[in-house]
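> Right, I'll just put the structure down here and ask away after.
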2 protein chains.
Amino acid sequence: MTMQQTEGAARPAGRPRSEKAEKAIIEAALDILGEGSGVSELSIEAIAARAGVGKTTIYRRWSNKEDLVVDALASLKPPIPPLKGASVRDDLVTYLQVVQSESIHVRTRCIMNIAMSQSDRHPRVAERFHEIAIKPRQAALRAVMERGMANGELRADLDVEMAMAILSGTMMWRTKWSSDDDLPPDLAERIVDEALRGFRPR
Amino acid sequence: MTMQQTEGAARPAGRPRSEKAEKAIIEAALDILGEGSGVSELSIEAIAARAGVGKTTIYRRWSNKEDLVVDALASLKPPIPPLKGASVRDDLVTYLQVVQSESIHVRTRCIMNIAMSQSDRHPRVAERFHEIAIKPRQAALRAVMERGMANGELRADLDVEMAMAILSGTMMWRTKWSSDDDLPPDLAERIVDEALRGFRPR
DNA sequence: TCGATACGCAACGGTCGCGTTTCATAATAT
DNA sequence: ATATTATGAAACGCGACCGTTGCGTATCGA
């Protein structure tokens with residue numbers, strides 16, 4: 001067998017699909033979603049136009065919008081902040097600061113909105129988002145908490161699930177219902193300090 | 001002047017507008033929103049059809065969709081739970097239980113979603129919702145907290161804004177990301193007890 | 001070179017909702 | 001009675017997208 005085959009699957013004959021087009025499509029989709037469109041308002045034609053691509057090229061890859069959006073969300077790399085500070089408090093502050101700074105970017109904000117509000121109508125999309133964006137962060141957060149419980153910075157009987165919900169939920173609540181600029185500049189620290197008051201031993 | 005006039009404004013000649021139709025329209029709009037449609041997916045035709053009403057009847061009263069939705073939201077009466085329990089803890093638990101029970105109803109849930117996610121695209125709608133549904137609740141909650149600070153159940157230097165965000169945000173976070181049935185049955189109590197640990201004096 | 005496949009583009013017929021108009025009918029004031 | 005306004009129904013022309021098809025061109029393997 002003389003055929004050299006770098007990959008396992010046999011390359012099909014003909015012109016290969018353009019990877020560039022694929023990127024452009026996904027980027028365009030995220031871009032439009034980031035402007036506040038819901039999933040159902042997101043039109044294939046708009047994506048094609050913005051990506052500089054024919055509709056055919058889209059339909060050849062995804063049979064429906066949801067699949068496209070799912071893949072688009074999957075392409076988002078979760079920027080996990082490195083959490084190896086001196087103390088639990090430092091790590092938590094760092095974490096919440098990252099969360100807050102992300103919530104200011106319109107694009108992040110809109111995509112977050114989509115995930116939160118369209119979980120009923122587009123469960124697969126919401127599930128994917130949860131997998132991509134929420135879970136890894138929660139895992140990092142959980143690691144911090146458990147480290148704290150191990151070294152005595154936090155109560156040994158702390159309900160970690162609850163503690164994480166307090167931190168994330170409080171930040172979300174405040175960033176949701178306040179305009180970005182009338183939030184206290186030290187919001188993250190204040191949340192952490194207030195929460196830690198109940199998390200510390202005794 | 002023989003004209004009897006119950007109201008100040010002179011009743012215009014001709015057939016009066018049907019109050020029943022108006023109610024039906026608003027109810028239909030809320031109904032559709034409660035099924036998960038966003039504001040932009042909400043179509044006048046669908047509202048008219050469900051309300052059993054001609055489109056004319058809608059356009060005669062509202063010149064655009066947003067106005068209609070704003071009025072529809074305004075018609076929602078905020079069911080303020082009476083909070084005059086024996087203790088701050090009791091009141092907070094009652095409050096959060098109400099919040100949770102509401103978050104289970106699909107309709108409430110969807111309308112909440114709309115308010116939260118479409119604040120960029122439909123600011124007037126979001127603002128109205130905040131006025132109708134959030135503010136009164138927050139006021140009731142604030143009253144409880146201040147009562148607690150006055151009688152010593154809570155720290156005198158408690159950051160009330162932060163404390164309220166902790167309670168509401170935590171409940172929202174947990175009800176958002178969990179399916180309704182794998183939440184602990186005593187969720188409200190657990191949130192309150194965890195939070196109060198940091199709210200109590202010393 | 002040749003067959004196969006992908007590309008961007010334009011056009012297709014079809015659906016949906018828009019906001020407006022027309023119509024016959026109903027409800028009210030004088 | 002008559003004038004006036006509202007009502008539900010239907011139809012209008014318009015534009016946005018749908019998902020598909022055909023076109024000429026580009027890019028691959030054989």
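Quick note: the coordinates plus some simple rules give every number you see, no bench work behind them. The structure displayed is predicted, hence computed values, not measured ones. Cβ: placed from backbone, ideal geometry, glycine included. Neighbour counts: every protein chain shown.
> Provide the per-residue ³J(HN,Hα) series for the stretch B:144-152, in order, calculated from phi with Karplus coefficients 6.51, -1.76, 1.60 and θ = phi - 60°, each as a whole number of Hz, with x at glycine and proline positions.
4, 4, 5, 4, x, 5, 5, 9, x
> For the stretch A:154-161, just list the computed ³J(HN,Hα) in residue order, Karplus coefficients 6.51, -1.76 and 1.60, θ = phi - 60°, integers in Hz, with x standing in for Gly and Pro.
10, 4, 5, 9, 4, 7, 4, 4
> Which one of A:Ile166, A:Leu68, A:Ala21 has its Cα pushed farthest toward the positive end of the charge dipole of chain A, where Lys and Arg give +1 and Asp and Glu give -1 at the Cβ?
Most positive-ward Cα: A:Ala21.
> Run the simple label-point estimate for A:Asp120 and A:Glu45 please: 7 Å along Cα→C-beta, distance reported in nm.
2.9
> Dipole size in debye (nearest 20) for the stretch B:78-202 around its Cα centre, Lys and Arg Cβ +1, Asp and Glu Cβ -1? Numbers along the way, then the final one.
On the way: 18 positive and 18 negative charges, 61 e Å.
Magnitude of the dipole: close to 300 debye.
> I'd like the distance separating the alpha-carbon centroids of the stretch B:63-130 and the stretch A:68-105, in whole Å.
Using only Cα atoms, the two centres lie 29 Å from each other.
> I would also like to ask the following. Using only alpha carbons, build the gyration tensor for the stretch A:122-168 and give me the equivalent ellipsoid semi-axes, biggest first, whole Å. Walk me through the numbers on the way to the answer.
Numbers: eigenvalues 143, 20, 8 Å².
Values for the stretch A:122-168, descending: 27, 10, 6 Å.
> Can you give the helix-only mean residue ellipticity at 222 nm for the protein assembly as shown, where every DSSP H stretch with n ≥ 4 adds -39500 (n - 2.57) and the sum goes over all residues, rounded to the nearest 500 deg cm²/dmol?
-19000 deg cm²/dmol
> What percent does the relative contact order of chain B come to when contacts are Cα pairs within less than 8 Å and at least six residues apart?
Values: 167 pairs, mean separation 42.3, N = 202.
Once normalised by length, the contact order is 21 percent.
> Next question, about the same structure. Quick check of the Kirkwood formula: for the protein assembly as shown, what is the inverse mean of 1/r over all pairs of different Cα atoms, in Å?
24.2
> Further, regarding this structure: Per-residue Cβ counts within 10 Å, from other chains only, averaged over A:109-121: what number is that?
Values: counts 3, 3, 0, 2, 7, 1, 3, 6, 12, 4, 6, 6, 7.
Partner-chain Cβ atoms within 10 Å, mean over residues of A:109-121: 5.
> Under 5 Å between amide hydrogens, which residues at least 5 positions from A:Leu154 or on another chain qualify, with H placed 1.01 Å from N in the peptide plane?
When sequence neighbours closer than 5 places are left aside, the close amide H contacts are A:Met149.
> Kindly give the distances from A:Lys135 to its copy-mates, label point to label point, with each label point 7 Å from Cα along Cα→Cβ, as nm values to one decimal ordered shortest first.
Here A:Lys135 shows inter-copy label distances of 4.2 nm.
> Let me ask another. Over the alpha-carbon set of chain A, divide Rg by the Kirkwood Rh and report the Rg/Rh ratio to two decimals.
Details: Rg = 21.4 Å, Rh = 19.5 Å.
Value, to two decimals: 1.10.
> What gaps in nm, shortest first, separate A:Ile104 from its twins in the other copies when you place the label 7 Å past Cα toward the beta carbon?
Those label-point separations list as 4.1 nm.
> Straight-line reach from B:Lys20: which lysines fall under 28 Å, measuring Cα to Cα and dropping same-chain residues less than 8 apart?
Correct list for B:Lys20: B:Lys55, B:Lys65, B:Lys77.
> So, one more: Would you tell me the mean number of C-beta atoms belonging to other protein chains that fall within 10 Å of each C-beta in A:159-168, as a whole number?
Taking all residues of A:159-168 together, the mean is 6.
> Taking θ as phi - 60°, what are the ³J(HN,Hα) couplings along the stretch A:180-188 by the Karplus curve (6.51, -1.76, 1.60), each to the nearest whole Hz, with x for Gly and Pro?
Residue by residue, the stretch A:180-188 yields 4, 9, 9, 8, x, x, 9, 3, 4 Hz.
> To continue, here is another question. What nm distance separates the two modelled labels at A:Arg197 and A:Tyr59, each placed 7 Å from Cα along Cα→Cβ?
The modelled label-to-label distance comes out at 6.1 nm.
> Tell me which residues come under 5 Å, amide H to amide H, from A:Ser87 once H is placed; ignore anything under 5 positions away on its chain.
It is none; the list stays empty.
> Using the 7 Å Cα-to-Cβ label point, sort the distances from B:Leu76 to its equivalents in the other copies shortest first and give them in nm to one decimal.
2.5
> While we're looking at this one, here's another question. Just the ratio, please: alpha-carbon radius of gyration of the stretch A:19-74 over 2.2 N^0.38 Å, N its number of residues. Write down the numbers at each step before the final one.
Working: Rg = 9.8 Å, N = 56, 2.2 N^0.38 = 10.2 Å.
It is 0.96.
> Next question, about the same structure. Given H placed on each backbone N at 1.01 Å, which residues far from B:Leu76 in sequence or on other chains put an amide H within less than 5 Å of it?
Those lying under 5 Å, H to H, from B:Leu76: there are none.
> Any number yet on Rg/Rh for the stretch B:45-110, C-alpha, Kirkwood?
1.21
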